[in-house]
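Below you'll find the structure, written out as structure tokens, and then a few comments.
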Amino acid sequence: MPADSLAEAVRGLPAPWRGNYFAVVDSTQDVARAAAQDAAPTRSVFVADYQRAGRGRARRDWLAPAGAALLMSMLFRERLETPPIRPWRYTSLVSVALLQVIDQLQPSPMAAIKWPNDVVLGEGKVAGVLAETRWDGRELQVIVGLGLNVSAAPDGISDATFLRAAIDRPLDRGDLLLTFLSHLEALSSEADGVVHELWESRLWRRGQRLRLLDRGVEEDVVVLGALRDGSLRVRGRDGQDRITTTGELLA
């Protein structure tokens, strides 16, 4: 097997996945969006060795060194006759599948989902999940981007870590991709409630007091859990419970 089998793995993905490999792109999300407009089928996967303009939440830069990360976007299509009420399902599926991969490599209670869309090892961000959706009245189109730090962390992000630092052995991105898609495919057959329970059970710092930065206001809260639409339930110092969809949790 070559030192890194990523390109080979992408080009030989098992059905129903369809792989597309790129040495360099601006962003796999951009590539996936263009392909979706050009009628690319559901479960199309777009993987890059390097992104020149990778973005995370709130359009923050996410620029991993070439060859150091698993950078991909996945296209899903779902026929619907009514407005979609569960686009959160796809980000949950991706996050849980990634945790299952990490657990398989080295079971660790440190691996968790930091609301709303990060996967952390301990206190360090090891991956980000970012989704965009579109519904045209007949079909829900979801593009989910995943950036997993494998052998190095992105430059300029102080709280980032990488998988190799926690798992003390060589890691092949092609193997990681195939294992991840296998878990994702298995999870895809689960009911919404099951997916949500798996996601919520791995919520970072659940039951603990943290700081919540929401619309420019910072406050101390206790993380209670999350609703099925992906929003976060917290309890403030005044004892009142509330829901947020826009905030960011700080340790």
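The values are calculated or read from the model by the stated rules, or taken from the named source; none is laboratory data. What you are looking at is a predicted structure, and each value in this text was computed from that prediction instead of being measured. Here Cβ is always computed from backbone atoms with ideal geometry, including for glycine, and neighbour counts include all displayed protein chains.
A single entry from Gly128, Gly124, Gly137 fulfils the requirement of being of a type in the set (Gly, Ala, Ser) and out of contact with any strand residue (DSSP E or B) (no Cβ under 8 Å at 6 or more places or on another chain): Gly137.
For beta carbons closer than 8 Å, sequence separation of 6+ or different chains, a first residue in the stretch 205-232 that is closer than 18 Å to Leu93 by Cβ and a second that is outside any strand (DSSP E or B) and among the acidic types (Asp, Glu), the qualifying pairs are Ala226/Glu200; Arg228/Asp192. Here Ala34, Ala97, Ala58 are screened, and the one residue that is among the hydrophobic types (A, V, I, L, M, F, W, C), modelled with pLDDT under 90 and either in a helix (DSSP H, G or I) or touching a Lys or Arg at 6+ places or on another chain (Cβ under 8 Å) (or both) is Ala58.
Here Glu185, Glu197 are screened, and the one residue that is in the same structural domain as Leu93 (by TED's automatic domain parsing), out of contact with any Ser or Thr (no Cβ under 6 Å at 6 or more places or on another chain) and over 19 Å from Pro116 (Cβ atoms) is Glu185.
Across the stretch 40-55, the qualifying residues are those that are modelled with pLDDT of 95 or more and among the small types (Gly, Ala, Ser), and the one among them that is farthest from Val142 (Cα to Cα) is Ala48.
Is it true that Arg173 is surrounded by fewer than 17 Cβ atoms within 10 Å (Cβ to Cβ) and of a type in the set (Lys, Arg)? No; evaluated as a whole, the condition is false for this residue. Among the candidates Leu213, Leu198, which residue alone is over 30 Å from Ser44 (Cβ atoms) and either within 17 Å of the chain's Cα centre (by Cα) or outside any helix (DSSP H, G or I) (or both)? Testing whether each residue is over 30 Å from Ser44 (Cβ atoms) and either within 17 Å of the chain's Cα centre (by Cα) or outside any helix (DSSP H, G or I) (or both) leaves just Leu213. Considered as a group, the residues in the stretch 100-113 that are at pLDDT 95 or above and not in a helix (DSSP H, G or I) include one that is surrounded by the most Cβ atoms within 10 Å (Cβ to Cβ), and that residue is Ile113.
Among the residues making up the stretch 210-251, those that are of a type in the set (Lys, Arg) and surrounded by 12 or more Cβ atoms within 10 Å (Cβ to Cβ) are Arg211, Arg228, Arg233, Arg235, Arg242.
Give the stretch 147-167 a look and list any residue that's touching a residue at least 60 places away in the same chain (Cβ under 8 Å) and assigned to a helix (DSSP H, G or I), or say none.
Residues satisfying the conditions are Leu163, Ala166.
With respect to (1) modelled with pLDDT of 95 or more; (2) within 27 Å of Glu200 (Cβ to Cβ), the lone exception for Pro83 is condition (1). Quick one: count up the residues across the stretch 194-233 that are farther than 19 Å from Val96 by Cβ, out of contact with any Asp or Glu (no Cβ under 8 Å at 6 or more places or on another chain) and of a type in the set (Asp, Glu). The total comes to 3.
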